[in-house]
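Structure first, then comments.
Read-outs throughout are calculated quantities, based only on the coordinates presented, and are distinct from any laboratory measurement. Nothing here was measured: the structure is a model prediction, and the numbers come from that model. Because the Cβ atoms are built from the backbone with ideal geometry, glycine has one as well, and the counts that use them run over all protein chains shown.
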Amino acid sequence: MRLAVVAGPGAGQTIDLSRCVTLIGTRRGCKLLLKSSRISSVHCAIVNTGEDVYLRDLVSTTGTLLNSLKAQCEKIDDGDTIVVGDWELRVQISAYTVDTLSDLPHVSLEPGPAAFGVEVNGAGQLVKLTRPIGLVGRKPGCDVLIDDRRVSRAHMLLFTYLGQPVFYDLLSNNGVVLENRLEHFGVLHSGDMLTLGPKRLRMILPGVSRRERTPIDSDSSTGSIDIEARGLDASQYADMDDSGQGTVVQLAEEEGDRIDIRLAELDRD
């Protein structure tokens, strides 16, 4: 998949998209780093499930347009046009080959369920995701809404990738802990507990096997992340100035292009 910049700063550039989730926004770590006051820190995501490609607006302030219509979670096809702030992007999609599949994060190709259920903090109430790309965060418009400032506005995605349920951290403030490990992407099993700030989410995935459990460390029971205790550089958590009117598309460097919680900046939206 590629994005061609049709209009806006950097017009004429073509960007290759090789991973399952491509983030667009002003925050370091986004694949398309667009400097503009009209772009949210993590504005929208392009999600390739291995079968279809979706555009997911991440409850952005100014919204995302797909073919001139406001988008929330929409399937996209070759030739579609995405508008984000001052940028117009043309979608170019070609079929995968066996060779390109090897470049994607490895998961089993065995089929899994399409249904997701999420229980928050053992409340006994199940949230069933109705969109193919589920969004978890604190801002209204999220599929799983968690009203707590320690949870980011758009915290993580839940979707099925190559037939397996997965989660993807959206450069969130406190990250996502899966089985006592801070992770940015991972395959989910039925009964898995994900920790987002002070909240614990239990995954209800019919037809998916349960994970083989390991002893839980004493610091995981609080449900929070201690940045310094985990060896992360707290000095890199800094505000970003979004006062610019728009600059040339900035493609992340190869090393920084990998999502890394150490490079995430505080979510002030």
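Data table
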read-out	value
Rg and Dmax [Cα atoms of the stretch 162-203; Å; Rg one decimal, Dmax integer]	9.9, 31
Cross-link partners of K75 among lysines (Cα-Cα below 22 Å; sequence separation of 8 or more within a chain)	K31, K128
Amide H contacts under 5 Å for V21, placed H, 5+ residues apart	N48
Residue-span extension gain [T61 to A95] - 0.36 nm each, minus C-alpha spacing	8.9 nm
Label-point separation, E88 to A115 (7 Å along Cα→Cβ), nm	4.4
